[in-house]
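The values are calculated or read from the model by the stated rules, or taken from the named source; none is laboratory data. No experiment lies behind these values; they were computed from the predicted model shown. Glycine also receives a Cβ, built like all others from the backbone with ideal geometry; neighbour counts cover every protein chain displayed.
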Protein chains: 2
Amino acid sequence: MTASQKILNGDRLALARLLTKIENNAPEGRDALIELFPHTGKAHLIGVTGAPGTGKSSLVNQLALHYRKTENKKIAILAVDPSSPFTGGAVLGDRVRMRDLSGDEKVFIRSMATRGSLGGLAQSTANMTQAFDAAGFDIVIIETVGAGQSEVDIAKLAHTTLVVEAPGLGDDIQAIKAGILEIADILVVNKGDRPGVENTEKALKSMLDLAHPTERIFRHHGSNMRVTGQAQKASSSLTWIPPIKRTISTEGVGIAELVESITKHAEHLRISGDWAVRDRTRLQVELEALIQSSLMNRFREEVSEKKFNEVLEKVFQRNVSPYEAVKMLMNGRLK
Amino acid sequence: MTASQKILNGDRLALARLLTKIENNAPEGRDALIELFPHTGKAHLIGVTGAPGTGKSSLVNQLALHYRKTENKKIAILAVDPSSPFTGGAVLGDRVRMRDLSGDEKVFIRSMATRGSLGGLAQSTANMTQAFDAAGFDIVIIETVGAGQSEVDIAKLAHTTLVVEAPGLGDDIQAIKAGILEIADILVVNKGDRPGVENTEKALKSMLDLAHPTERIFRHHGSNMRVTGQAQKASSSLTWIPPIKRTISTEGVGIAELVESITKHAEHLRISGDWAVRDRTRLQVELEALIQSSLMNRFREEVSEKKFNEVLEKVFQRNVSPYEAVKMLMNGRLK
């Protein structure tokens, strides 16, 4: 049996090996992914992001426990840590998780630290997600640390993106970013027993109102949908207003309600047609990233290191500008 | 007079216009940068990064004030906000700064929000830094928000990188990241009057000890240098141990000592030869990013949108995998 057949049959060891191959960018990983690809497209991909100190990991842990206990779903957690070239933080996080989730055959936890470039990380994340999807996991939670562009990029992978905030981080001018709100399908105020939780929620509500000023609110089957003024009849015009959910993840408070919101969002995506839109966008981003790395690999094959270093030295000596250097290197390549 | 001549003569309006052209990726910006490039390489580039809530902006403000008052240096501040597609946060931050720094001809503050891709942002940052450098600013402070890969990438631009922490954010497993420590030349514990400041410092010290376990410490002219065991005589073997500096930026406490550390780090870079190493690395990263975007532009010219969308549709239908799709597109291009 090939590795991919084993994975389709639910072999955890074969899956673990493939994930390592993907992380190391090994060619056999690529072959397996080509075989697995037709079996993807079924999992609900949930992105979870937020600043350090918001209790994201513990929240993801509770979500996974809830999905296991009440819905008997197969869950994969992929913890992506773009800020760390080591696996230190992620491994520590895993140990905390292991206490509650270890030994459960229907849970798979994997952490990935960055190796090399951000492009490489996004690609590995996409590939690992596909492996989990093909392996029959119903829910794949992609957890990222931080509040930078990498989170926005990785959030593009998910159907549903949770942005986690916590009281006490919001007193800085830059703490609540419009950009991070933009990618949120659901806002979670975790550590909801801390002082200042109302202020955090209020600040988030104001930001949301700023982001959606012209829309009218329609309650649609009790979910948080809005219909825009111009095209209320077309289903694709249904707009999702991110709900704000309060949780205390260390005590499991608010988790059931949060899962309910996630489910409603998935329904919204199906009804509005946005599920397919997000799928297509994700695949397009992935395709473009692959093209970019292929082009760069080809360039490295065609322009010798010696030539590259000669040109770099000229730039370093301020004899030619970077733009002129690129022109020299690219013309050389196409001569 | 051309725009670049005006900039070399200290014309602030011409500089402001060039920065806008750089942000908009306008071709005239590129021409000016080619002319300015021979005049770059003199400024001390200081990166300042850290999670939201650490008081980075206020710290940068104080640093600039100190450089103005005590050293009469020309200062540029470039506030880069990769998480925000809007300029909201950055503009607000600028207003706070303006109170103390406005009207000073030798201070230039510019904020940049992300437009499009991260690659684009890193490139714009590099270009703006070059413009400030050529315009004769002694110090260019590049401030980034967040704790992700984008910060690591932007930190590569700087000679000296400050990582800012604050008490009360450090109680999360993932709050203090090994990866973010790795890029730090100087660690700043800001909000030093808050409870828990000793714990934050202790945690940072432990992390530093983990990161530098095998080195022996030599005090060298009172600065924080270490000499590695194997090659104590070669100057390039001088290793810098990041000092931990406590500040209360809102009150200006610890700023003079922090500036002293920054100056020592610059001396260290000159003595050890690392100044040139960092310069070269920065230019290499920039060159590679430019090559990448040029290759992608060329690909877009050569592969029609129709062809691309046809292949994307096949991927979306799960008929071909992304890898196979790239092969189809790249072969088409080279046929």
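Across segment A:1-26, the number of residues qualifying as in a helix (DSSP H, G or I) and surrounded by fewer than 16 Cβ atoms within 10 Å (Cβ to Cβ) comes to 5. Of the residues making up segment A:315-335, those that are modelled with pLDDT under 90 and more than 8 Å from every other protein chain (Cβ to nearest Cβ) are A:331, A:332, A:333, A:334, A:335. Scanning segment A:27-56 for residues that are hydroxyl-bearing (Ser, Thr, Tyr) and assigned to a strand (DSSP E or B) returns a single hit, A:49. Across segment B:22-43, which residue is farthest from residue B:135 (Cα to Cα) among those that are in contact with a Leu (Cβ under 9 Å, 6 or more places away or on another chain) and more than 10 Å from chain A (Cβ to nearest Cβ)? Of everything passing the filter in segment B:22-43, B:28 is farthest from residue B:135 (Cα to Cα). For residue B:277, the requirement of being part of a helix (DSSP H, G or I), within 14 Å of chain A (Cβ to nearest Cβ) and either without any contact (Cβ under 8 Å) to a residue 12 or more places away in the chain or of a type in the set (A, V, I, L, M) (or both) is met. For residues that are within 20 Å of residue A:258 (Cα to Cα) and modelled with pLDDT under 80, scanning just segment A:176-188, find the one that is surrounded by the fewest Cβ atoms within 10 Å (Cβ to Cβ). By that ranking, first place goes to A:182. Residue B:283 passes every criterion in (1) buried (at least 18 other Cβ atoms within 10 Å of the Cβ); (2) under 24 Å from residue A:126 (Cα atoms) apart from (2). The single residue among B:295, B:312, B:269, B:287 that is within 12 Å of chain A (Cβ to nearest Cβ) and under 18 Å from the mean Cα position of the chain (by Cα) turns out to be B:287.
Being in a helix (DSSP H, G or I), more than 12 Å from chain A (Cβ to nearest Cβ) and free of Cβ contacts under 8 Å to residues at least 60 places away in the same chain: is that true of residue B:239 here?
no
Listed here are the residues, each with its yes/no results for (1) modelled with pLDDT of 90 or more; (2) out of contact with any Gly (no Cβ under 9 Å at 6 or more places or on another chain); (3) assigned by TED's automatic domain parsing to the domain that holds residue B:10; (4) crowded, with 23+ Cβ neighbours inside 10 Å.
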site: B:28; (1), (2), (3), (4): no, yes, yes, no
site: B:51; (1), (2), (3), (4): no, no, no, yes
site: B:54; (1), (2), (3), (4): no, yes, no, yes
site: B:70; (1), (2), (3), (4): yes, yes, no, no
site: B:75; (1), (2), (3), (4): yes, yes, no, yes
site: B:83; (1), (2), (3), (4): no, no, no, yes
site: B:95; (1), (2), (3), (4): no, yes, no, no
site: B:98; (1), (2), (3), (4): no, yes, no, no
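Take residue A:191 and decide whether it is in the same structural domain as residue A:261 (by TED's automatic domain parsing), in contact with a helix residue (DSSP H, G or I) (Cβ under 8 Å, 6 or more places away or on another chain) and at pLDDT below 75. Judged against the criteria, residue A:191 is not a match.
Consider segment B:280-306. How many of its residues are among the β-branched types (Val, Ile, Thr) and in contact (Cβ under 8 Å) with a residue 60 or more places away in the chain? Total meeting the criteria: 2.
Exactly one residue among A:47, A:55 is more than 12 Å from every other protein chain (Cβ to nearest Cβ) and closer than 30 Å to residue B:53 by Cα, and that residue is A:47.
For residue A:173, the stated conditions hold: it is more than 14 Å from residue A:54 (Cβ to Cβ), within 7 Å of chain B (Cβ to nearest Cβ) and modelled with pLDDT under 85.
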